[in-house]
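See below for the structure under consideration.
The values are calculated or read from the model by the stated rules, or taken from the named source; none is laboratory data. Just so it is clear, the structure is predicted and the values come from calculations on it, not from any experiment. Heads up, the Cβs are rebuilt from the backbone with ideal geometry, glycines too, and the neighbour counts pull from every protein chain shown.
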Amino acid sequence: MEDIPDDSLVKKAKRGDVEAFTELVRRYQKKIYNTIFQFTRNHLDADDLAQETFMKAFKSLKEFKQKSSFFTWLYRIAVNLSLNFFKKREKEKGRREFLENYSSSEGADFSPASPENYSYKRELEKKVKEAIDTLPLAYKASFILVVFQGMTHAQASQILRCSENTVSWRMHKARKILQNKLKSYF
Amino acid sequence: MKCKKIEKWISDSIDNELSERKREQVENHLQKCSLCRNYKESMERIQSTVKNMDYGKVSPGYWGEFPQKIREKIMSLEVKDRKLRPFALGWKWAVVGAVLAIAVAIGLSIFYPRFKTVQEVYVFSFEDSLEQISQEISGNEELEDIFNLVIMASIREFLDEQEWENSTYSYDVSSFLDGLTEEELSLLDLEIKKEIKS
């Protein structure tokens, strides 16, 4: 199963082969989960959304015309679900409370060099995460795909269904916003 | 060379998306401009910090269990639930465009009547379509917000709940237009132009 190309697995899965689809899940679970996690910043929601992504992909497989790669199509589902997650979250909670929840739910299992460094690093990371959270969603989605996932502008543009120039412009704008908010730190 | 253009190219450069020719131009500019040099260094420090931040890790067994969880969920699905139509906006933009052109005109005149007294009704006539309107109201945050709000409200009204949930439009009205793809912006522009002609 591991040697079979994605396209063949997709065709099998379309015919109802659950094992073929499970192999696709195995291949892309980490990338999908890590992307979603950059949006949610907590593992519980990331797990839920990752499951939802794959379930939605499975249910929609018959509609997938294979004009793009399975990976691109899957990413699109994950990003859309993550953005919708944000919309709902914003409705449910006030912005401030939202940020506080974020900062308190993060893992902290690294070993600091010293208490001073630890404290400074924590503070800096908190500020950076808060600044990223204030980015408009369109900018944030581009930022996550390019910076955290290491995608090229072309790859990100396929997932976000916009031009490379738009991704490039959003990256520039996102960086300007971050620099403005973090100027006392950098 | 203007610093604004260099700042944009610095961003492209950090993403390894800058051509060799532009890279040389950036380097030449940086030798002369300390502001842009500082900007580049600041951008690189932010990039480095973001990439090296700690986000916590999932337990080692998670990746082994996850595909199994999905497999079990699929097995429990009923066959009739396996068909799910994807969200396709496509042709609906034509109708949305017509609705929003009218809605924008009405909305702006209701929400921002005093603008009329300052600049007559030029902005609201859509004489030169979306781009012109965007330029006219650029810098006036209140008017930009109203403009975006009315467009978004008209689309929201048109889409059913499922389509709205599946859409990726920004909840932030001030960045709504930024969130549209070029294709969507062109369609909006086209529909507004049609509205002007009629």
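Is it the case that segment B:42-62 has a residue that's over 28 Å from A:Phe39 (Cβ atoms) and either assigned to a helix (DSSP H, G or I) or at pLDDT 95 or above (or both)?
Just the residues of segment B:42-62 that are over 28 Å from A:Phe39 (Cβ atoms), to begin with: none.
Looking for residues that are over 28 Å from A:Phe39 (Cβ atoms) and either assigned to a helix (DSSP H, G or I) or at pLDDT 95 or above (or both), one finds none in segment B:42-62, hence no.
Which residues, taken from segment B:10-27, are out of contact with any Cys (no Cβ under 8 Å at 6 or more places or on another chain), touching a residue at least 24 places away in the same chain (Cβ under 8 Å) and of a type outside the set (Ser, Thr, Tyr)?
B:Ile14, B:Gln25
Kindly provide the set of residues from segment B:1-13 that are surrounded by 19 or more Cβ atoms within 10 Å (Cβ to Cβ) and of a type in the set (A, V, I, L, M), ordered by number.
Answer for segment B:1-13, where residues must be surrounded by 19 or more Cβ atoms within 10 Å (Cβ to Cβ) and of a type in the set (A, V, I, L, M): B:Ile6, B:Ile10.
From A:Arg161, A:Arg175, grab the single residue that is on the phi > 0 side of the Ramachandran plot, within 7 Å of chain B (Cβ to nearest Cβ) and either at pLDDT below 95 or buried (at least 22 other Cβ atoms within 10 Å of the Cβ) (or both). Give the derivation first.
Values: A:Arg175 fails: on the phi > 0 side of the Ramachandran plot.
Criteria check complete, one pass: A:Arg161.
Condition first: in contact (Cβ under 8 Å) with a residue 40 or more places away in the chain and not hydrophobic (A, V, I, L, M, F, W, C). Now tell me which residues in segment A:16-42 satisfy that. I'd like the intermediate steps shown before the answer.
The first filter runs over segment A:16-42 and keeps only residues in contact (Cβ under 8 Å) with a residue 40 or more places away in the chain, leaving A:21, A:24, A:28, A:31-32, A:34-36, A:38-42.
Listed by number, the residues that qualify are A:Tyr28, A:Lys31, A:Asn34, A:Thr35, A:Gln38, A:Thr40, A:Arg41, A:Asn42.
If you take just the helices (runs of 4 or more DSSP H) that sit entirely in segment A:1-90, which of them hold at least 3 residues that are modelled with pLDDT of 95 or more and at the interface with chain B (Cβ under 8 Å from one of its Cβ atoms)? Outline the logic, then answer.
Numbers: elements: A:6-14, A:18-40, A:43-60.
It comes to A:18-40, A:43-60.
Considering segment B:63-81 alone, what residues qualify as being surrounded by fewer than 16 Cβ atoms within 10 Å (Cβ to Cβ) and closer than 30 Å to A:Lys126 by Cα?
Residue satisfying the conditions is B:Trp63 alone.
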